[in-house]
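Heads up: the structure comes next, in structure tokens.
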Amino acid sequence: MTAAPDVLVVGASAAGLATAEALRRKGHTGGLTLLGDEPHPPYDRPPLSKQVLAGTWQPERARLRTPELLDGLGATFVLGDPAVSLDPVARTVRTASGTVLRADVVVLATGVRPRVLPDQAGLAGVHVLRTLDDAAALRAALLTGGRLVVVGDGVLGAEVAATACGLGLDVTLAGPQRAPLEARLGSLVSGVLADLHRERGVRLRLGAAVAGLAGRDGRVTGVRLDTGEVLPADVVVVALGAIPNTGWLAGSGLRLDDGVVCDARCRAADGIYAAGDVARWHHEGLGGLLRLENRTNATEQAVAVADDILGAGRPYAPVPYFWTDQFDARVQVHGVLAPGASVSVVDGDVAVRRFVALYERDGEAVGVLGWNMPRQARALRQRLLGQLRDFAGSHVEPGKVEEAGFRRAPRSRTDFSEGQR
Ligand SMILES: Cc1cc2nc3c(=O)[nH]c(=O)nc-3n(C[C@H](O)[C@H](O)[C@H](O)COP(=O)(O)OP(=O)(O)OC[C@H]3O[C@@H](n4cnc5c(N)ncnc54)[C@H](O)[C@@H]3O)c2cc1C
């Protein structure tokens with residue numbers, strides 16, 4: 001490889017742009033190309049389910065950088081042209097338009113796409129929310145009013161329900177858990193979240209799986225539960241989690257298994273890296289493969305990849321972090337809220353909805369959750385770093401975690417952080 005390799009980043013969004021910016025910031029002088037399938041310049045996704053959907057932000061405000069800053073990057077942007085194949089040995093990427101791009105290093109940052117219901121294709125009134133265009137279409141549908149059913153009781157579903165409720169819609173949130181996000185946050189905190197949604201007027205139809213959709217004349221009329229019940233709907237949002245965008249890499253020889261499988265330095269093969277939602281890398285501290293769908297990881301992993309490309313890399317081993325905003329609650333989660341962890345409130349008061357909860361497994365801290373108490377949650381996380389345990393039960397050393405670079409709180413509106421959507 002030459003001293004200044006040409007780098008091709010596939011996926012021109014949070015992780016892709018952060019890779020390019022980190023390379024330039026750290027002195028990379030080689031060629032830089034960002035290839036994206038969307039026609040838009042890089043934009044941020046967290047505001048899509050919040051400010052953009054609510055209409056408090058014009059969509060342009062979600063753009064990650066101004067045109068001037070993008071120009072200043074000295075990169076070539078190839079937009080609206082999906083990558084369709086990769087030759088990892090020749091390091092060439094072929095696009096849908098037939099263009100072949102060659103580089104010394106290729107970074108895969110193609111993110112994820114929404115999981116859908118088998119019967120939703122071709123049924124008007126059914127939406128997903130991943131892109132700016134999705135957000136515009138969903139907002140237009142919500143503005144016509146009516147009954148909204150959100151299918152999926154995870155982070156994205158709960159955020160959409162909260163935002164739509166704020167717009168005055170009649171909202172039902174459906175899903176199999178007993179409370180929204182129960183599997184991720186445990187029963188205590190998800191119970192508080194359920195209360196919050198109910199108080200604000202969201203109908204919770206939980207504890208039943210969604211079997212499919214009902215429709216008439218090509219338009220959705222309801223959501224069928226496996227109990228046989230049908231929830232009437234004028235608009236449906238399907239928020240059932242996401243699938244890594246690796247289809248175009250089939251036949252490349254890379255290991256694809258719920259994402260692009262990488263080593264501890266986010267390398268999928270010689271000269272091929274992955275970053276962001278699509279990357280499933282070996283987290284040395286936690287002792288296993290990990291794929292995170294959160295905004296902080298998109299940036300931090302991109303920086304780790306840029307470091308490695310420039311020869312200053314080290315194993316990427318962050319403390320996972322995500323946040324979610326629902327109504328007036330900002331919930332922040334540090335660490336790994338292992339299933340079955342015991343949960344105790346260690347600061348604040350659940351009754352006034354300002355508290356910090358500590359998650360412990362076998363008597364040791366594995367995660368910290370702050371509900372409208374960001375500073376206190378972060379302070380506790382710093383104190384408990386040494387007790388963060390890996391999936392297999394051994395310990396992550398505090399020095400190692402700090403060294404791996406868990407960074408400070410977001411400083412700019414574009415520097416957001418996580419949440420498994
Ligand atoms: C509505 C919503 C709200 C969110 N809210 C939060 C939040 O509150 N907190 C939080 O921490 N996280 C949140 N997230 C998650 C966060 O936005 C993601 O973790 C982050 O966007 C991941 O960045 P990425 O660059 O890896 O992937 P993406 O942002 O998905 O970008 C990947 C890009 O690659 C493109 N692409 C895909 N295939 C190809 C191809 N073959 N060729 C070229 N380009 C391709 C995609 O179209 C996309 O533009 C939210 C996500 C969504 C959708």
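The values are calculated or read from the model by the stated rules, or taken from the named source; none is laboratory data. Please read these numbers as outputs of a predicted model, since none were measured by experiment. Glycine also receives a Cβ, built like all others from the backbone with ideal geometry; neighbour counts cover every protein chain displayed. The accessibility values were calculated without ligands, DNA or RNA, using every heavy atom of the protein model including side chains. Shrake-Rupley method; radii C 1.70, N 1.55, O 1.52, S 1.80 Å.
A few remarks follow.
- In Hz, Karplus ³J(HN,Hα) per residue of region 325-340 (6.51, -1.76, 1.60; θ = phi - 60°; x = Gly, Pro): 10, 9, 6, 9, 9, 10, 9, 10, 10, 10, x, 10, 7, 4, x, x
- Cα gyration tensor shape of region 165-243, rounded if a/c is under 1.5, else prolate or oblate by comparing a/b with b/c: prolate
- Taking label positions 7 Å along the Cα-Cβ direction at both Arg375 and Arg198, the computed distance is 3.4 nm, reported to one decimal.
- Per residue, the chain exposes 40 Å² of accessible surface when a 1.4 Å probe is rolled over the protein heavy atoms with every protein chain present.
- When you restrict to C-alpha pairs under 8 Å that are six or more residues apart and normalise by the size of region 168-309, the relative contact order lands at 13 percent.
- Rounded to 5, percent antiparallel among DSSP beta bridges of region 1-134: 40 percent
- Among beta bridges that DSSP assigns inside region 141-290, antiparallel share in %, nearest 5: 50 percent
- Cα centroids of region 1-70 and region 90-113: 16 Å apart.
- Summary value for region 64-217: 15 percent relative contact order, contacts being C-alpha pairs under 8 angstrom separated by 6+ residues.
- The DSSP beta bridges internal to the chain are antiparallel in roughly 60% of cases.
- Accessible surface of the chain [probe 1.4 Å, protein heavy atoms]: carbon and sulfur percent: 50 percent
- The stretch between Arg216 and Val116 holds 34.1 nm of extra length on full extension. This uses 0.36 nm per residue minus the Cα-Cα distance.
- Inter-part distance where region 303-360 and region 244-277 are each reduced to a Cα centre, Å: 25 Å
- Separation of the Ala124 and Asp257 label points, Cα + 7 Å toward Cβ, nm: 4.6 nm
- Taken as Cα centroids, region 130-177 and region 194-241 sit 11 Å apart, rounded to the nearest whole angstrom.
- Put a plus charge on the Cβ of each Lys and Arg, a minus charge on the Cβ of each Asp and Glu, and nothing anywhere else: the dipole of region 56-145 about its Cα centre is then about 160 debye.
- Restricting region 208-276 to trypsin sites (Lys or Arg not before Pro) that sit in a DSSP loop and have at most 16 other Cβ atoms within 10 Å of their own Cβ leaves Arg255.
- Relative contact order (percent, whole number), the chain, Cα cutoff 8 Å, 6+ residue spacing: 15 percent
- Neighbour-limited loop hits for trypsin sites (Lys or Arg not before Pro), region 106-206 (at most 13 other Cβ within 10 Å; DSSP other than H, G, I, E, B): Arg115
- Between Arg383 and Glu229, the contour length at 0.36 nm per residue exceeds the Cα-Cα span by 50.6 nm.
- Prolate/oblate/rounded label for the chain (Cα gyration tensor, a/c 1.5): oblate
- Zone residues, region 190-209, relative to Val352, backbone N less than 19 Å from point 7 Å out along Cα-to-Cβ: 192-193, 196
- Accessible-area ranking of Lys50, Lys26, largest first, probe 1.4 Å: Lys26, Lys50
- The chain, dipole about Cα centre (Lys/Arg Cβ +1, Asp/Glu Cβ -1), debye to the nearest 20: 560 debye
- About its Cα centre, region 196-294 has a charge dipole of approximately 280 debye under the convention of +1 per Lys or Arg Cβ and -1 per Asp or Glu Cβ, with nothing else charged.
- Shape category assigned to region 82-196 from the gyration tensor of Cα positions, a/c cut at 1.5: prolate
- Fully extending the segment from Thr144 to Ala312 would add 55.2 nm, taking 0.36 nm per residue of separation and subtracting the current Cα-Cα distance.
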